[in-house]
Amino acid sequence: MDPLALHIQNGVLNGPVAISYAVLAAVAFAYCVVRGRRDLDDRLAPMAGLVAAFIFAVQMLNFPVLPGVSGHLLGGALAALLVGPWVGALCVSIVLIVQALLFADGGVTAIGPNVTNMALVGTAAAYGLIFVLLRVLPRTPTGLAVTAFVASVVSVVAAALSFVLQYAIGGTTQLQEFGLGQVLALMTGTHVLIGIGEGLIAAVTVLTVARTRPDLVYALRGLRRPTTPTTPSAPAAPTTPAAPTTPTTSQPASAGGAA
């Protein structure tokens, strides 16, 4: 993979930065495990496995976008929509770790930065936007599709910008021919295009699941608008029947008169 792909290879970042982000990723991973246990149920656990398998498949497809730059889909927004932010971050993290250890897709020393960028920053940015959009947009198929598309684009770009920050802090001579401005422009432009493609895939996928099994979409279950309980109206007081009126008998007038 080219050095500027979002999967960071060994040697792109110096040792202190790689170690610092590894510690950060480990702490965040443990926190996601604790929070994710609260969300897992009979519906979410199988969906989490499907999401992880889907992300693994799409992330293995690396493709050139610009000269000297390759990229791939991330899946953080799709994971946040279907299984929530905590389980979604775990799904992406596990995929990244397996790819680095078994397929050499991403450096072993860069697992921490890669997990931080794609699993933590990407998923968090996506879910934050999902949280806002699903309270602003109508709860219709169009609103859900727009939410998935926008969250995917923002998620991918946020992950790319997180790498630019890491490179600015501790980039090594492996990318010395690229200035920081060039890295920023290449990463942003490339991953905007990737985000658009991922947004279309996420929108179609979420719409398909929502139309067949809306209960499997975490965002629709976890972000419902609170409903104000309606207080039952007090029963009407029984009307007391009017007292029967007694007929008044008129006394016959006595005929008086002097004889």
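The values are calculated or read from the model by the stated rules, or taken from the named source; none is laboratory data. These figures come from a predicted structure and were not determined experimentally. All Cβ positions, glycine included, derive from the backbone under ideal geometry; neighbour counts span all protein chains shown. Please note that ligands, DNA and RNA were not included when accessible areas were found on the heavy atoms of the full protein model with its side chains. Shrake-Rupley method; radii C 1.70, N 1.55, O 1.52, S 1.80 Å.
The fraction of accessible area contributed by carbon and sulfur in the stretch 20-157 is 77 percent, rounded to a whole number (1.4 Å probe; ligands and nucleic acids excluded). Counting 0.36 nm for each residue step from Leu40 to Ala26 and taking away their Cα separation leaves a gain of 3.0 nm. Rounded to whole numbers, the Karplus 3J(HN,Hα) couplings from phi for the stretch 24-30 are 4, 5, 5, 5, 5, 4, 5 Hz, using 6.51 cos²θ - 1.76 cosθ + 1.60 with θ = phi - 60°, and x at Gly and Pro. Summarising the label geometry, the points placed 7 Å from Cα in the beta-carbon direction at Leu180 and Leu102 lie 3.9 nm from one another. A 1.4 Å probe run over the stretch 1-150, with the rest of the protein chains in place, finds 42 Å² accessible per residue. Computed 3J(HN,Hα) for the stretch 200-217, one whole-Hz value per residue from the Karplus formula 6.51 cos²θ - 1.76 cosθ + 1.60 where θ = phi - 60°, is 5, 5, 5, 5, 5, 5, 5, 4, 4, 5, 5, 6, 8, 9, x, 5, 8, 8, glycine and proline marked x.
Spin-label model, Asp215/Leu193: points 7 Å from Cα along the beta carbon direction are separated by 4.4 nm.
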